[in-house]
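One structure, pasted below without further comment.
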Amino acid sequence: MTNGVITKVAGPLVIAEGMRNANMFDVVRVSSHRLIGEIIEMHGDRASIQVYEETSGLGPGEEVESTGAPLSVELGPGLIGAIYDGIQRPLNEIMRAAGNNLTRGVEVPSLDHKKKWHFVPKVKKGDKVVSGDIIGTVKETNAVLHKILVPNKVSGTVKDIKEGDFTIDDTVAVLEKDGKTENVKMAVKWPVRVGRPYKKKLSPDILLTTGQRTIDTLFPIAKGGVAAVPGPFGSGKTVVQHQLAKWAAADIIVYIGCGERGNEMTDVLNEFPELKDPRTGNSLMERTVLIANTSDMPVAAREASIYTGITIAEYFRDMGYTVALMADSTSRWAEALREMSGRLEEMPGEEGYPAYLGSRLAQFYERAGRVIVNGSGDTEGALSVIGAVSPPGGDISEPVSQATLRIVKVFWGLDAGLAYKRHFPAINWLTSYSLYTDQLEAWYKQNASEDFMELRGRLMSLLQDEAELQEIVNLVGMDALSSPDRLKLETARAIREDYLHQNAFDPVDTYTSLKKQVLMMRAILLCYDKSLEALEKGANIDMLVSMLVRERIGRLKYEEEQNVEQEFDSISAILEQEIKDVLERSED
């Protein structure tokens with residue numbers, strides 16, 4: 001233990017002297033209140049400490065005690081369904097200990113050390129195991145089987161292991177190596193600023209299916225990929241993240257509310273337990289970890305919250321799970337960096353953000369990926385990161401958005417105009433992009449359909465043509481367009497309203513399988529192709545645009561999955577007949 005003395009207090013920054021034996025990123029306890037802090041700068045024996053709790057009332061002369069350990073999270077059974085603050089203190093336990101008014105210096109364990117879990121061994125006495133191997137499992141919730149791993153840098157022969165009910169502090173297995181024994185417990189500690197090791201990073205060439213048509217078809221994210229969702233207030237960032245949490249093909253969800261407004265975080269805390277998990281029919285919380293760090297909580301704790309979240313996510317990835325992490329929002333996290341940088345009197349970069357903003361963001365996003373995890377086998381795990389960015393006024397030219405866009409591969413640009421038109425998801429198809437599309441081409445061919453990329457390309461092309469034609473319409477009116485151009489506009493409207501617009505609250509439309517997405521695209525493009533042929537044969541454009549089959553195509557998204565093929569065949573037959581009727585009436 002190293003004890004120092006406070007010499008200066010500036011908001012969340014505390015300067016202490018006499019800390020010669022302390023190290024960078026050590027956790028410290030500040031004053032008699034025992035506030036949690038972390039050393040972020042050392043000059044000789046003088047330490048700059050960011051304090052994760054309210055510092056009002058602190059003054060020079062008070063004691064600072066170093067724990068000698070870095071800021072770490074406790075990883076083990078009991079994580080799932082928990083609601084933590086930015087430094088992994090369980091909010092439910094804090095409320096029990098301190099009541100509704102949060103007091104400073106509350107010390108509560110991150111996991112329940114008294115609860116007993118039923119441990120089932122997966123190896124037997126005499127087996128050789130290495131770091132990352134699964135030695136046993138614990139049924140944590142109906143949705144999650146918690147796998148107990150051999151800790152990092154530990155290996156040997158199993159000397160003793162047995163089934164039974166244990167607390168996380170009990171020894172569940174004893175390993176022996178070179179005459180020395182190692183006790184393995186169910187819980188481990190891991191420093192949050194250090195990424196958990198793995199064997200090999202794999203190419204992002206498998207789609208993370210989300211059931212959201214705009215995302216899966218136009219701007220896909222790969223398993224282990226990184227995406228940014230920038231958008232102004234009210235454009236639907238949180239709803240997009242809720243939909244992804246519910247429907248993405250991920251086993252575990254880690255949701256970080258990083259500096260969000262208190263009412264928004266309250267909505268998340270109220271809604272997540274209510275969300276029904278489509279896999280099990282139970283609460284979505286049975287495979288979710290929530291980190292709630294609102295904007296009125298001490299600013300420095302925001303900085304730790306995303307590291308806490310991603311370390312927990314990596315832990316589940318190491319078990320071989322597919323994990324999706326939602327960070328909402330990295331803008332508030334960057335504001336915490338800016339605040340601390342200003343207090344440290346560092347040279348400011350653009351708009352007052354520190355010059356290292358880009359590298360800190362990159363360090364965070366680079367911890368995502370699809371990997372071969374540690375262990376004897378070739379188990380695959382994936383961690384996908386979706387970060388919401390809240391640029392002031394929706395202006396993505398500001399530093400946080402720009403630094404994020406240089407790192408991430410998917411940009412889902414939310415548009416306030418679309419949100420006000422009640423178009424969900426409000427992802428602007430003209431400004432958004434995904435750099436995973438080419439890598440996913442082979443996957444789409446194998447798992448969706450041979451012509452998936454061709455259909456997607458035609459949709460994108462029609463939407464871009466619509467944007468150009470709309471400018472002409474705005475200038476000189478619809479009558480100035482040729483018949484083929486009018487047909488293009490009508491088809492693009494169908495793509496926007498019948499395909500890209502998705503009702504998150506409709507039990508059928510909230511999720512669309514890839515097979516259904518392919519048939520919906522085919523129906524819209526079939527109608528366009530047949531109408532174009534009819535135009536060349538002299539059909540009347542007004543009659544083509546007002547065909548009744550268009551309404552059937554629009555209602556295809558509300559068709560149950562098992563009926564979609566039958567409905568598509570029915571639409572094809574009706575389309576043939578209606579085109580024939582239009583041609584006959586046009587000749588008259």
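The values are calculated or read from the model by the stated rules, or taken from the named source; none is laboratory data. Computed from a prediction, not measured in an experiment: that's the story for all the values here. Cβ placement follows ideal geometry from the backbone for every residue including glycine, while neighbour counts extend to all protein chains displayed. Accessible surface areas use protein heavy atoms only, side chains included; no ligands, DNA or RNA. Shrake-Rupley method; radii C 1.70, N 1.55, O 1.52, S 1.80 Å.
With the cut-off at 21 Å, tell me which of the pairs Lys276/Lys409; Lys124/Lys177; Lys159/Lys199; Lys516/Lys580 have Cα atoms farther apart than that.
Cα-Cα > 21 Å for Lys276/Lys409; Lys159/Lys199; Lys516/Lys580; rest within.
For Ser376, list long-range residues whose amide hydrogen, built 1.01 Å from N in the peptide plane, is under 5 Å from its own amide hydrogen.
Under 5 Å from the amide H of Ser376 lie the amide H atoms of Val130, Asp133, each far enough along the sequence or on another chain.
A further question follows. With unit charges on the beta carbons (Lys and Arg positive, Asp and Glu negative) and the dipole taken about the Cα centre of the chain, which residue among Met453, Ser235, Thr137 sits farthest to the positive side?
Of the candidates, Thr137 comes out farthest on the positive side.
At q = 0.10 Å⁻¹, what log₁₀ I(q)/I(0) does a Debye calculation on the Cα points of the range 1-132 give, no solvent, two decimals?
Values returned for q = 0.10 Å⁻¹ are -0.43.
Still on this structure, please answer the following. How far is helix 262-274 tilted off the main Cα axis of the chain, in degrees rounded to 10, range 0 to 90?
For helix 262-274, the angle is close to 80 degrees.
Going through the range 113-183, which GluC sites (Glu not before Pro) have at most 15 other Cβ atoms within 10 Å and a DSSP loop state? Please list the in-between numbers first.
On the way: sites: Glu140, Glu163, Glu176, Glu182; in loops: Glu140, Glu163.
Here the sparse-neighbourhood loop sites are Glu163.
For Arg46, what is the net charge nearby, where nearby means another residue's Cβ is under 13 Å from its Cβ and Lys, Arg count +1, Asp, Glu -1? Walk me through the numbers on the way to the answer.
Numbers: positive: Lys8, Arg20; negative: Glu17, Glu41, Asp45.
Cβ neighbours under 13 Å give a net charge of -1.
Using per-residue counts of other Cβ atoms within 10 Å, averaged over each peptide, order 88-94, 288-294, 531-537, 445-451 from highest down.
Working: 88-94: 18.1, 288-294: 24.1, 531-537: 16.3, 445-451: 14.6.
Final packing ranking: 288-294, 88-94, 531-537, 445-451.
Related question: Any chance you could run the full-extension gain for Arg20 through Ser376? It's 0.36 nm times the residue separation minus the Cα-Cα distance, nm to one decimal. Don't skip to the end; give the middle numbers.
Numbers: separation 356, 0.36 × 356 = 128.16 nm, distance 4.23 nm.
Here the segment from Arg20 to Ser376 would lengthen by 123.9 nm.
How far, in nm, would the chain grow between Arg555 and Lys189 when pulled straight, counting 0.36 nm per residue and subtracting the alpha carbon separation? Please report the intermediate quantities before stating the final value.
Details: separation 366, 0.36 × 366 = 131.76 nm, distance 5.24 nm.
That pair, Arg555 and Lys189, stretches by 126.5 nm at full extension.
Just the number please: accessible area per residue for the range 320-383, 1.4 Å probe, all protein chains included, in Å².
Values: 2370 Å² over 64 residues.
In whole numbers, the range 320-383 has 37 Å² accessible per residue.
Among (1) 30.2; (2) 36.2; (3) 32.5, which is the computed mean projected area of the Cα convex hull in nm²?
So the calculated entry is the one marked (1).
Carbon and sulfur: what percent of the chain's accessible surface (1.4 Å probe)?
On the way: 12000 of 24910 Å².
Looking at the chain in its full context, I get 48 percent from C and S.
Mind checking the alpha-carbon convex hull of the range 152-285 and giving the volume per residue in Å³?
Working: hull volume 26.5 nm³, N = 134.
Once divided by residue count, the hull of the range 152-285 is 198 Å³.
Let me ask something else about it. Once you have a ≥ b ≥ c as the square roots of the Cα gyration tensor eigenvalues for the range 90-215, tell me rounded if a/c is under 1.5, and otherwise prolate or oblate according to whether a/b is larger than b/c.
Oblate is the answer for the range 90-215, as a/c is 1.5 or above yet b/c matches or exceeds a/b.
Related question: Working out 0.36 nm times the residue gap between Asn101 and Ser513, then minus their Cα-Cα distance, what length gain in nm do you get to one decimal?
Working: separation 412, 0.36 × 412 = 148.32 nm, distance 4.62 nm.
So the extension gain works out to 143.7 nm.
With everything on Cα atoms, drop me the angle between helix 437-447 and the longest principal axis of the chain, reported from 0 to 90° to the nearest 10.
70 degrees
Given only helices, namely DSSP H runs of n ≥ 4 each adding -39500 (n - 2.57), what is the per-residue ellipticity at 222 nm of the chain, to the nearest 500 deg cm²/dmol?
Values: 15 runs with 191 residues, N = 588.
That calculation yields -10000 deg cm²/dmol at 222 nm.
Shifting gears a bit: Name the long-range amide H neighbours of Gly320: under 5 Å, sequence gap of 5 or more, or other chain; modelled H, no Pro or chain starts.
HN-HN under 5 Å from Gly320: empty list.
Note the angle between two axes, namely the Cα long axis of helix 237-247 and the longest principal axis of the Cα atoms of the chain, as a number of degrees from 0 to 90, rounded to the nearest 10.
Roughly 90 degrees between the two axes.
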